[in-house]
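Participant: Quick one: the structure is below, and I'll ask about it shortly.
The values are calculated or read from the model by the stated rules, or taken from the named source; none is laboratory data. Only a predicted model underlies this, so the values are computations on that prediction, with no experimental measurement involved. Here Cβ is always computed from backbone atoms with ideal geometry, including for glycine, and neighbour counts include all displayed protein chains.
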Amino acid sequence: MNNKPDSFRNGPSDAKPMHPLKALSAPEFAALGGDRTVFVRSIRAGLLARFVPEAKNMPEDMVFQLVMGADGSPLLVADNEQAVKDWLSEADVVRVPRH
């Protein structure tokens, strides 16, 4: 009988266990409020292009504010913090700090 958790079964014996939130289905995550949880970060256009293909047409060092859902989906791209504040004040979301 194998008593190891699933996250250890297929990897090396010193593998880190998978964080439990990563194993949640979309409906389970939403039930925890994940569909309403967002974070904000500054991001240069060069990196933003990974999330928003149109950003590759911008100057690479141009800085944007990116609001992302807890699931990693981009929700808003703005060129200033006030636009983000305005959006957050009207959206039914909870902003959490990035760590």
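Participant: Can you spot a residue in the stretch 31-47 that is in a loop (DSSP other than H, G, I, E, B), modelled with pLDDT under 90 and touching a Pro at 6+ places or on another chain (Cβ under 8 Å)? Give the derivation first.
Facilitator: Quick first cut of the stretch 31-47, residues in a loop (DSSP other than H, G, I, E, B) only: 32-36.
From what is left, the residues that are modelled with pLDDT under 90 are 32-36.
Retained after the next criterion (residues that are touching a Pro at 6+ places or on another chain (Cβ under 8 Å)): none.
For the stretch 31-47, residues in a loop (DSSP other than H, G, I, E, B), modelled with pLDDT under 90 and touching a Pro at 6+ places or on another chain (Cβ under 8 Å): absent.
Participant: Working carefully through the options Leu76, Leu66, find the one that is touching a residue at least 12 places away in the same chain (Cβ under 8 Å), outside any loop (DSSP other than H, G, I, E, B), closer than 28 Å to Glu28 by Cβ and not acidic (Asp, Glu).
Facilitator: Exactly one residue qualifies, and that residue is Leu66.
Participant: Under 8 Å by Cβ, and 6 or more places apart or on different chains, what pairs join a residue from the stretch 17-38 that is of a type in the set (Ser, Thr, Tyr) with one that is surrounded by 11 or more Cβ atoms within 10 Å (Cβ to Cβ) and not in a loop (DSSP other than H, G, I, E, B)?
Facilitator: Thr37/Gly69; Thr37/Val94
Participant: Suppose we filter Pro5, Pro12, Pro17, Pro74 for residues that are modelled with pLDDT of 75 or more, out of contact with any strand residue (DSSP E or B) (no Cβ under 8 Å at 6 or more places or on another chain) and not polar (S, T, N, Q); which single one remains? Quick ask: steps written out before the conclusion?
Facilitator: On the way: Pro5 fails: modelled with pLDDT of 75 or more; Pro12 fails: modelled with pLDDT of 75 or more; Pro74 fails: out of contact with any strand residue (DSSP E or B) (no Cβ under 8 Å at 6 or more places or on another chain).
Checking each option against the conditions leaves just Pro17.
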